[in-house]
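Have a look at the structure below, then the notes.
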Amino acid sequence: MNYFYCDDYSDSYKRIYSPYDESTAKKLHKNKEIYSVIFGTPERPKIQVKLMDNGVNVDFFNDNLQLHWCFVFQTINKTTNQQDVSSNDILLDQVICRKRNQDDEILEVVHYIYNQLRKKIYANWDTPYPNETRIKFEKNSKEFPDNWTTYPEFGKYEPIIQFCRDYRQFIIDNPPFDEIGFEYPEL
């Protein structure tokens, strides 16, 4: 799959901001400044890998170019368990999924939140409607695979995308976590 560099992609406005050439993106990566890698085309992005000094976000878009799955990583020093922008270790902190109806209205949002200290994973189901019930669930995270990976090298983004795919599959294979219909685009 083709990819290109830019500042960001807005799923609200369905457009990219500030396209970059490879040398500019490489310089931003070296200085751990914010930039995005978009897999697909400017008109039809499939995946966005947003790199920042304090973490990485990996976003998967549905066929209507709306954010569907979002994986949020933070740069954490593995030995001190403290946030450290110079660290090459990143921790999967949250997974967010949005379930939509045929009209692409959000029906519910599921947040999977990891607590390393308590070794727990929490799942919260939210709806956009204020009077609807919020369902909470908690499970020991020792039943889940290690949620550490490394900050992507420049030009080598496939490993973190595959990490997200594998983690998503593990989540949906462990009830009561629900499958929310979405096919990942192939690389």
Requested in this report: Give the number of residues within the range 39-67 that are charged (D, E, K, R) and either within 16 Å of Tyr157 (Cβ to Cβ) or open to solvent by less than 10 Å² (accessible area, probe 1.4 Å) (or both).
Outcome: 3
Report task. Filter the range 25-38 for residues that are buried (at least 21 other Cβ atoms within 10 Å of the Cβ) and touching a residue at least 40 places away in the same chain (Cβ under 8 Å) and give the result. Result -> Ala25, Val37
Query raised in the report: Within the range 97-106, is even one residue closer than 27 Å to His29 by Cβ and of a type in the set (S, T, N, Q)?
Result: no
Query - Residue tally, condition in a helix (DSSP H, G or I) and under 30 Å from Asn64 (Cα atoms), over the range 29-43 - result: 1
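Conditions tested, residue by residue: (1) of a type outside the set (S, T, N, Q); (2) farther than 17 Å from Gly155 by Cα; (3) in contact with a strand residue (DSSP E or B) (Cβ under 8 Å, 6 or more places away or on another chain).
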residue	(1), (2), (3)
Ile16	yes, yes, yes
Val37	yes, no, yes
Trp69	yes, yes, yes
Ile76	yes, yes, yes
Leu92	yes, yes, yes
Asn101	no, yes, yes
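Quick grid of which residues meet (1) outside any loop (DSSP other than H, G, I, E, B); (2) in contact with a Lys or Arg (Cβ under 9 Å, 6 or more places away or on another chain); (3) among the aromatic types (Phe, Trp, Tyr):
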residue: Val49; (1), (2), (3): yes, no, no
residue: Val58; (1), (2), (3): yes, yes, no
residue: Phe73; (1), (2), (3): yes, no, yes
residue: Ser87; (1), (2), (3): no, yes, no
residue: Gln94; (1), (2), (3): yes, no, no
residue: Arg98; (1), (2), (3): yes, no, no
Query raised in the report: Any chance the range 44-58 includes a residue that's farther than 16 Å from Ile160 by Cα, at pLDDT below 95, touching an Asp or Glu at 6+ places or on another chain (Cβ under 7 Å) and among the basic types (Lys, Arg)?
Result: no
Query - Lone unmet requirement of (1) in contact with a Ser or Thr (Cβ under 8 Å, 6 or more places away or on another chain); (2) in a loop (DSSP other than H, G, I, E, B); (3) open to solvent by 20 Å² or more (accessible area, probe 1.4 Å) for Gln102 - result: (1)
Report task. Note down all Cβ pairs under 9 Å where the first residue falls in the range 81-98 and is without any contact (Cβ under 8 Å) to a residue 40 or more places away in the chain and open to solvent by 40 Å² or more (accessible area, probe 1.4 Å), the second is small (Gly, Ala, Ser) and assigned to a strand (DSSP E or B), and they're at least six residues apart or on different chains. Result -> Gln83/Gly55
Query raised in the report: Among the residues of the range 114-121, is there at least one that is open to solvent by less than 30 Å² (accessible area, probe 1.4 Å) and modelled with pLDDT of 65 or more?
Result: yes
Report task. Would you be able to say whether some residue in the range 8-24 is in a loop (DSSP other than H, G, I, E, B), among the acidic types (Asp, Glu) and open to solvent by 60 Å² or more (accessible area, probe 1.4 Å)? Result -> yes
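The values are calculated or read from the model by the stated rules, or taken from the named source; none is laboratory data. A quick note: this is a predicted structure, and the numbers were derived from the prediction, not measured. So basically every Cβ, Gly included, is an ideal-geometry build from the backbone, and we count neighbours across all protein chains shown. The area values use the complete protein model at the heavy-atom level, side chains included, leaving out ligands, DNA and RNA. Shrake-Rupley method; radii C 1.70, N 1.55, O 1.52, S 1.80 Å.
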